[in-house]
Amino acid sequence: MAVKKELLPIIPIRGFIIFPKTVFHFDVARPKSKAAVEKALISDGLIFLAAQKDETVEEPQENDIAHFGIIAKIKQLLKLPDGALRILVEGVERGKLTSKFYSDALYEGEITYKPSSLRTLSVEEYSAFANQIHLLINDYIELNPKLASESFLKNLPEGQPSEFCDIIASNLIRSNDDRQILLETVSVKKRLLKLIDTMTKEFKILDVESIIASKVKQQMDEHNHEYYLREQMKAIRSELGEDSFDEIEELRNLIESKPLPNEVYEKALRELRNLEKMQPTSPESNITRHYLELICELPWETYTAECGDLIYAQKILDRDHYGMEKVKERVIEQLAVINRTKSPSGSILCLLGAPGVGKTSIAKSIAEATGRNYVRISLGGMKDEAELRGHRKTYVGAMPGRIVNALRQAKSSNPLILLDEIDKIGADYKGDPASALLEILDGEQNKAFRDNFLEMGVDLSKVLFIATANDTSTIPTPLLDRLEILELSSYSADEKFNIAKKHLIPKQLEKHALTSKLLKISDKAIKEIILSYTREAGVRKLEQEIQKLCRKCVVALSNGSEKLSITEKNITEYLGTKKCTEDLVSTKPEIGIVNGLAWTQTGGEVLQCEAVSLDGSGKVQITGKLGDVMKESVQAAMTFVRSISDELGIEKEFYKTKDVHIHFPEGAIPKDGPSAGITVATAIASALSKTPVRSDVAMTGEISLSGRVLPIGGLREKVLGAYRCNIKNIIIPVANVKDIEDIPKNIAKEISFYPCKTAREVLGIALLGTKPEKKSAVSPAPEYSKERTAYYEYS
């Protein structure tokens, strides 16, 4: 049988496939395709339609179109207003493009006819194929009942296998790739097999799509039903004069917009449903509304980007604080560990120091250096555990605890929370807040801290906690065990001078809109303020005095002055008379008067001990508002002096014939502590032996009955107090030699330290009339704990 070939114009088609014996219309807009239509109409109207492989190509070449297509006859032509042609075609026969292809003015090529082949298909096989196809068609109809009314199903050519197969493929097969394969299959038997396979595959896809569409429709129906009911409720509430429905919808939208964890999200929806059932005026409604707002405002799994640059952190600490080298070193170590472990779990730093030494400000600097948000919680005077854990929602006026509120305020889950004044927590019948802090500050337990109001676990493991305190003696032992004490010592006069010049004065000038040209404070004036107008361990009072000078300057400028200069000579005009008097220090050796050293909350001071021996019956009188510990220290000193009376040249029966009166000046101020032991012993020995005591020597140390000199605390502050009074010879216990390194080097090098093991050495230095040689420091002794008291403390 001869193969029929014919030169036909070609139209590359996009987005559809045409089969023989089927009618289809489409628009032709490309110039070459329009030229192909015009040439076909000139002859017999036949044209070759071939699928374009890439629909985005505007000028396809031979390799861009499928070589197997359909030979079609143009039945109708309609010209559109935009210049395009709308043609109606009918598929005639399959065809294949041979090697001859032309694409000059139009697409044209030699097409070989490819009629269908029935050679291997028997009547029985065709019947079986047809039955299987009809079953699949019925499955299609179950998924889409509207398909049953389609006209092509009523007019299927059952006796013509090729046309039967092509009509079904043209109407039921959606994929153009599958349609192209069926078009290229000349063998009717193979085509039927391929049609059944394709229909089965598409039916499975349609089945899944139907299930998905059913679920979507069900959800939409439920949503529409819910919307309808809510609109009804809104109308009913409006008639009743209740306007809380809009607020509930706002809460619902807020909950949906927040990235809440699943547990929190489900809890919020349950509470919202409960809120809808409540009366708007009921107390429970207000609590629930507050609860939902809290859930939406908490930073669930929201973190700020942390800064791991230790050099930058060091610059921040140096910028904001002068000195404090040991504190800064420890802070940098803590930050280095956090950077390496990616977790702040570990020791909780507790900044210990007197008021005004910079505990709170250094915590702010740490927050800035680490890139964390800063929140401060004041614990001073807290007695109710619920302030930390929150109140249960069953109580009227219930609210969350301060920890959860701090997270809400910080707007991140990894802030720095400063627990300020942790030593001033109280306890009563409502509970012990310190016990709640045990869980909060424990890295093993705070991963799921449970607030009573929130009723859900909150992760505190990423929070960096820092505490501050003035005195560790009031902190419960279990809580103190979780803290790493980092002591901030009092400032020396030189340190205060540098802090004032580099930090306080520029800060206050900026606050008062002044410049260094408008207000000049001389160096001598700053030192005069430090020595004569403030007496403190920190710099808070110093800053207040500088603020006062700034206010005076603003007033002067408002009255027409051009600038204000503060000097040592005119400072009393602006700050008034001097507020601080010098410590009482003897200028010459006297009997029974000894310079002792005391620790106070405002720093170290020189406090004299006076002893007088009188004829009497052996009474010992103690005055000066002394505490029990200090009274016992006086008794121990008296016993020691009695034990060495022979060595001092004191008559043996003095305790029967002499009355001894021991007094500490400034009697209105409470004093306590054991460190005045050697001071009292020296005063008693001087009074009984009538030997003068050197006025250029100060001393501190506890005394035992056997005369051993025991270690004390607060050596740094005491030495600074002696230095302020121009005393350069200081007697200290041997065990405190290790503390000399804490004293500023510029001060330590001007002072002669006399470490003593026994009170006999102390008396040998203090009671002699000649200046002793400077003793060399001995090796450090074991560390002893420091005792603190209310005001003056011989610790």
Quiz prompt | Relative contact order, percent, region 582-738 [alpha-carbon distance under 8 Å, six or more residues apart] | solution = 34 percent
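When the accessible area of region 503-654 is computed with all protein chains present and a 1.4 Å probe, what percentage of it is carbon and sulfur?
The computed percentage sits at 49.
With a ≥ b ≥ c taken as the square roots of the eigenvalues of the C-alpha gyration tensor of region 23-115, please select rounded if a/c is under 1.5 and otherwise prolate if a/b is larger than b/c or oblate if it is not? Walk me through the numbers on the way to the answer.
On the way: a/c = 1.61, a/b = 1.18, b/c = 1.37.
Judged from the Cα gyration tensor, region 23-115 comes out oblate (a/c at least 1.5, b/c at or above a/b).
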Quiz item: From the cross-link list LYS501/LYS631; LYS520/LYS745; LYS658/LYS728, which pairs have alpha carbons spaced over 32 Å apart?
Solution: LYS501/LYS631; LYS658/LYS728
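On a full-extension model of 0.36 nm per residue, what is the gain between VAL555 and LYS190, subtracting their alpha-carbon distance, rounded to one decimal in nm?
Numbers: separation 365, 0.36 × 365 = 131.40 nm, distance 10.58 nm.
Value of the extension gain: 120.8 nm.
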Practice problem: Could you pull out every one of the aspartates and glutamates with an alpha carbon less than 17 Å from that of LYS114, ignoring same-chain neighbours closer than 8 positions? | Solution: GLU6, GLU90, GLU93, GLU163, ASP166, GLU184
Quiz item: Against the longest principal axis of the chain, how steep is helix 677-689, in degrees 0 to 90 to the nearest 10, with axes from Cα atoms?
Solution: 10 degrees
Quiz prompt | Label-point gap, in nm, between CYS307 and ASP207 - each point 7 angstrom along Cα→Cβ | solution = 6.3 nm
Quiz item: Count the lysine pairs in region 327-466 that are 8 or more places apart or on different chains: how many have C-alpha atoms under 16 angstrom apart?
Solution: 9
Exercise. Of all alpha-carbon pairs in region 570-727, indicate the percentage at a distance above 27 angstrom.
Key: 24 percent
Quiz item: Which cross-chain or sequence-distant (5 or more) residues have an amide H under 5 Å from the amide H of ASP451, H modelled 1.01 Å from N in plane?
Solution: MET456, VAL458
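Roughly speaking, what is the stretch gain from ASP44 to LYS619, that is 0.36 nm per residue apart minus the C-alpha to C-alpha distance, in nm to one decimal?
On the way: separation 575, 0.36 × 575 = 207.00 nm, distance 14.70 nm.
Result for the pair: 192.3 nm of gain on full extension.
Show me 208-221, 53-66 ranked by packing, highest mean number of other Cβ atoms within 10 Å first.
On the way: 208-221: 10.4, 53-66: 12.9.
Averaged packing, sorted descending, gives the order 53-66, 208-221.
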Quiz item: Past the 19 Å Cα-Cα mark, which pairs from LYS496/LYS524; LYS502/LYS578; LYS4/LYS73; LYS524/LYS578; LYS718/LYS749; LYS34/LYS79?
Solution: LYS502/LYS578
Self-check item: Inter-part distance where region 416-481 and region 739-770 are each reduced to a Cα centre, Å
Solution: 43 Å
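Please find the FRET efficiency linking ASN726 to LEU269, where r is the Cβ-Cβ separation and R0 is fixed at 60 Å, and quote it to the nearest 0.05.
On the way: r = 75 Å, r/R0 = 1.25.
The pair ASN726/LEU269 has a calculated efficiency of 0.20.
Nearest 5 percent is fine: what portion of the DSSP beta bridges confined to the chain is antiparallel?
55 percent
If a/c stays under 1.5 just call it rounded; otherwise compare a/b with b/c (prolate if a/b is bigger, oblate if not). Do that for region 602-675, with a ≥ b ≥ c from the square roots of the Cα gyration tensor eigenvalues. Don't skip to the answer; put the middle values down first.
Numbers: a/c = 2.33, a/b = 1.88, b/c = 1.24.
Prolate is the answer for region 602-675, as a/c is 1.5 or above and a/b outweighs b/c.
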Quiz item: Across region 48-54, in residue order, what do the Karplus-derived ³J(HN,Hα) couplings come to in whole Hz, using 6.51 cos²θ - 1.76 cosθ + 1.60 with θ = phi - 60° and x for Gly and Pro?
Solution: 9, 9, 10, 5, 7, 5, 10
Quiz prompt | Largest-first ordering by accessible area, 1.4 Å probe, given options THR758, THR682 | solution = THR758, THR682
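Please list HIS25, HIS321 from largest to smallest accessible area, probe radius 1.4 Å, with all protein chains kept in place.
Numbers: HIS25 110, HIS321 15 Å².
Sorted by accessible area, descending: HIS25, HIS321.
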Quiz item: To the nearest 10 square angstrom, what accessible area does ASP481 show with a 1.4 Å probe?
Solution: 130 Å²
Exercise. Give a residue-ordered list of calculated ³J(HN,Hα) values for region 651-664 (Karplus: 6.51 cos²θ - 1.76 cosθ + 1.60, θ = phi - 60°; whole Hz; x for Gly, Pro).
Key: 4, 5, 8, 5, 6, 9, 10, 10, 9, 10, 10, 10, 9, 10
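Could you work out the relative contact order of the chain? I mean the mean sequence separation of Cα pairs under 8 Å and 6+ apart, divided by the number of residues, in percent. Each step should come with its number before you reach the end.
Numbers: 1428 pairs, mean separation 57.9, N = 795.
7 percent.
At a 1.4 Å probe radius, carbon and sulfur cover how many percent of the accessible area of region 259-343? Walk me through the numbers before you get to the answer.
Working: 2550 of 4910 Å².
The nonpolar share, carbon plus sulfur, comes to 52 percent.
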Quiz item: Ranked from highest to lowest mean number of other Cβ atoms within 10 Å per residue, what is the order of the peptides 658-665, 75-82, 612-619?
Solution: 658-665, 612-619, 75-82
Self-check item: Whole-Hz ³J(HN,Hα) from phi, Karplus 6.51 cos²θ - 1.76 cosθ + 1.60, for region 639-645, glycine and proline x
Solution: 5, 5, 4, 4, 6, 10, 4
Self-check item: Shape category assigned to region 19-63 from the gyration tensor of Cα positions, a/c cut at 1.5
Solution: oblate
Exercise. Would you please give the residues with an amide H less than 5 Å from that of MET382, counting only those at least 5 places away or on a separate chain, with H modeled from the backbone geometry?
Key: GLY426
Quiz item: When all protein chains stay in place, what accessible area (Å², nearest 10, 1.4 Å probe) is found for VAL123?
Solution: 110 Å²
Self-check item: Relative contact order [Cα under 8 Å, 6+ residues apart], region 529-636, whole percent
Solution: 23 percent
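Using a simple charge model, +1 on the beta-carbon of Lys and Arg, -1 on the beta-carbon of Asp and Glu, nothing else, what dipole does the chain show about its Cα centre, in debye to the nearest 20? Can you show the working numbers first?
On the way: 109 positive and 115 negative charges, 435 e Å.
Here the size comes out at about 2100 debye.
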Quiz item: Taking a spot 7 Å from the Cα of PHE16 along the direction of its beta carbon, which residues of region 182-216 have an amide N less than 19 Å from it?
Solution: 182-184
Practice problem: Can you send over the solvent-accessible area of LYS96, 1.4 Å probe, protein chains only, in Å² to the nearest 10? | Solution: 90 Å²
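Please compute the length gained on full extension between GLU284 and LEU768, using 0.36 nm multiplied by the number of residues separating them and subtracting their Cα-Cα distance. Mind showing how you got there, number by number?
Values: separation 484, 0.36 × 484 = 174.24 nm, distance 8.15 nm.
Gain in length upon complete extension: 166.1 nm.
The values are calculated or read from the model by the stated rules, or taken from the named source; none is laboratory data. Given the structure is predicted, the values throughout are model-derived calculations rather than measurements. Glycine also receives a Cβ, built like all others from the backbone with ideal geometry; neighbour counts cover every protein chain displayed. For accessibility, only protein heavy atoms count, side chains too; no ligands or nucleic acids. Shrake-Rupley method; radii C 1.70, N 1.55, O 1.52, S 1.80 Å.
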